[in-house]
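Chemist: Quick one: the structure is below, and I'll ask about it shortly.
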Amino acid sequence: MIVDANVSLSRWPFRRLVGDETPELVRRLRKRGVAQVWAENFDGILHKDVGGVNARLAAECRTHGKDFLVPFGTVNPKLPDWQEDLRRCQEDYRMPGIRLHPNYHGYDLREPVFRELLNLAAERRLIVQLAVCMEDERTQHPLIRVPPVDCAPLPELLKRDPALRLVLINCDPAIRQGLLQPVLSAGGAYCDISMVEGIEGVARLVERVSPKKVLFGSNSPLFYFESALLKIQETGLSESEKDALLEGNARQLLAPVAS
Amino acid sequence: MEVLVRCMDRLGIERLLLSQGYSAELHPTPAQFREENDRVMRAVRAFPDRAFGSVYISPAYLDFSLQEFDRCVRDGPMVAIGEIEIDRRANVPEMDPIAERAIALRVPILEHEWLKAGGNEPGESTPHDVVELARRHPRLQIVCAHTGGDWERGIRMEMAVRELGAERVIYGSDVGGRSFASQLAKVTGAEIPESAKELILGENLRRLLTPILRAKGYSV
């Protein structure tokens with residue numbers, strides 16, 4: 001079975017996608033052997049009413065995929081009272097984690113507010129997913145050009161907070177910057193495979209950073225789900241490595257939150 | 001090539017149309033073009049059932065490129081031209097003699113083209129440049145690499161099949177920089193008929209290459 005750690009509900013702002021209606025997405029993912037999905041709400045990328053975004057996400061997950069869709073709420077630390085959004089994610093909606101978009105929300109990882117957010121998330125034992133980018137910069141809308149997140153401060157931040165559990169998703173820019181390995185070796189950090197490229201790219205990644213640090217993530221429905229699945233098929237990983245990547249690592253990461 | 005074949009077997013890919021060896025040079029010299037073509041021809045000869053070759057040339061070196069076409073395609077084992085990279089745009093007059101050679105031997109050209117949000121590199125073709133070339137040479141078979149480079153925002157598979165017809169879409173992995181898997185997923189994961197997927201995954205390229213394959217005595 002598969003745990004997909006990188007899925008989004010609602011509408012990608014720039015086009016309609018196959019699977020951007022939740023029932024259809026759930027049907028497609030179940031058919032492909034997915035047992036659990038960690039889902040954010042696309043609306044959280046640009047909307048300012050983050051409270052509304054997270055309420056809709058929680059309702060959508062409850063209505064269309066209870067115990068299948070696991071909601072990861074948006075927190076934007078540049079908005080007023082973001083601490084309340086964080087609280088609601090955990091206490092009101094029982095979310096095991098949050099997703100951050102520092103580049104779309106306009107902050108640098110060196111800003112004190114980011115550290116404060118990480119500290120609060122770690123105290124609450126929330127998983128923090130950080131989207132390094134959402135799509136290739138070259139194909140962005142010309143009026144909304146968003147460079148990838150500069151991950152350089154992360155190793156130091158992770159060292160300072162060993163309780164933090166951070167998942168870098170869509171991490172191709174971090175790989176290109178040579179930062180993925182330093183981040184993943186710094187502490188409780190993981191990455192997904194949605195944007196890992198090159199021949200046997202996933203196998204090379206696993207070899208570099210440890211099979212325990214890599215999660216299956218499809219970036220679906222923005223990317224075709226099959227892309228992540230076929231990357232696993234292309235790699236020639238051992239059965240135990242595949243099991244860890246497809247399901248085991250994510251379940252283990254989620255376990256302390258669920259308990 | 002052994003690694004490529006290993007991955008092809010895992011994903012059910014029968015053949016490659018191979019180009020450029022593994023050079024990452026954006027502006028190669030004639031000596032580098034020749035070296036890359038030699039590398040590809042060695043791979044094709046070593047794996048004749050798994051790869052066809054495509055000659056790597058550039059309108060920036062027209063005389064050399066025509067000689068290289070003759071060496072690798074007319075007199076050698078290669079069956080296509082390209083990828084024509086970013087030395088010169090597709091609409092330059094130096095492309096005309098290359099196009100004429102391609103038409104004469106009925107081989108397709110794989111042409112790099114992009115529309116980048118941040119602007120193209122100097123010498124990098126846009127799809128509009130390719131249109132100019134196509135208008136000057138209506139019998140030329142051109143494969144537009146990278147689908148204009150705006151796949152995720154502009155064209156996805158469902159849109160390509162809807163707007164162009166499945167007969168005009170070809171699976172290309174760009175393997176090396178990309179993986180077979182991520183590009184294969186754009187076909188296998190698309191909401192299009194199975195018959196369209198068969199065209200995209202093989203039949204269209206087979207149709208394009210049939211004249212030159214027959215001329216060279218390859219099985220089709």
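Chemist: Provide the three semi-axes, in whole Å and in decreasing order, of the ellipsoid equivalent to the stretch A:2-258 as defined by the square roots of 5 times the Cα gyration tensor eigenvalues.
Modeler: Ellipsoid semi-axes (Å, largest first): 24, 22, 19.
Chemist: Considering the Cα positions of chain B, please state its Rg to one decimal place and its Dmax as a whole number of Å.
Modeler: Rg, Dmax (Cα atoms, Å): 16.5, 46.
Chemist: List nothing, just return the count: lysine pairs in the protein assembly as shown, 8 or more apart or interchain, with Cα separation under 19 Å.
Modeler: Lysine pairs meeting the criterion: 13.
Chemist: Give me, ordered by chain and number, the residues 5 or more places off B:VAL143 or on other chains with an amide H under 5 Å from its own placed amide H.
Modeler: Correct list: B:ILE109, B:LEU110, B:GLU111.
Chemist: Quick one, what does Rg over Rh come out to for the stretch A:111-227 if you take C-alpha atoms and the Kirkwood Rh?
Modeler: In the stretch A:111-227, Rg relative to Rh is 0.97.
Chemist: So which GluC sites (Glu not before Pro) in the stretch A:59-116 pass both tests, a DSSP loop state and at most 14 other Cβ atoms within 10 Å of the Cβ?
Modeler: For GluC sites (Glu not before Pro) across the stretch A:59-116 that sit outside H, G, I, E and B with at most 14 neighbouring Cβ atoms in 10 Å, the list is empty.
Chemist: Of all alpha-carbon pairs in the stretch B:4-110, indicate the percentage at a distance above 20 angstrom.
Modeler: Of all Cα-Cα pairs in the stretch B:4-110, 37 percent lie more than 20 Å apart.
Chemist: Return an integer: the convex hull volume of the alpha-carbon atoms of the protein assembly as shown, in Å³ per residue.
Modeler: 141 Å³
Chemist: Counting alpha carbon pairs within less than 8 Å and at least 6 residues apart, what relative contact order, in whole percent, applies to chain A?
Modeler: It rounds to 19 percent for chain A.
Chemist: Test of understanding: ordering A:SER240, A:SER218 by Cβ neighbours within 10 Å, fewest first, what list do you get?
Modeler: A:SER240, A:SER218
Chemist: With only alpha-carbon atoms counted, please give the Rg and Dmax of the stretch A:1-120, in Å.
Modeler: Taking only Cα atoms of the stretch A:1-120, I get Rg and Dmax of 14.4, 44 Å.
Chemist: Among the trypsin sites (Lys or Arg not before Pro) within the stretch A:127-201, which fall in a DSSP loop and have no more than 11 other Cβ atoms within 10 Å of their own Cβ?
Modeler: Sparse-neighbourhood loop trypsin sites (Lys or Arg not before Pro): A:ARG145.
Throughout, read-outs are computed from the coordinates displayed, never taken from laboratory work. Remember, predicted model here, so these are calculated numbers, not experimental data. Glycine gets a Cβ as well: all are built from the backbone with ideal geometry, and neighbour counts include every protein chain shown.
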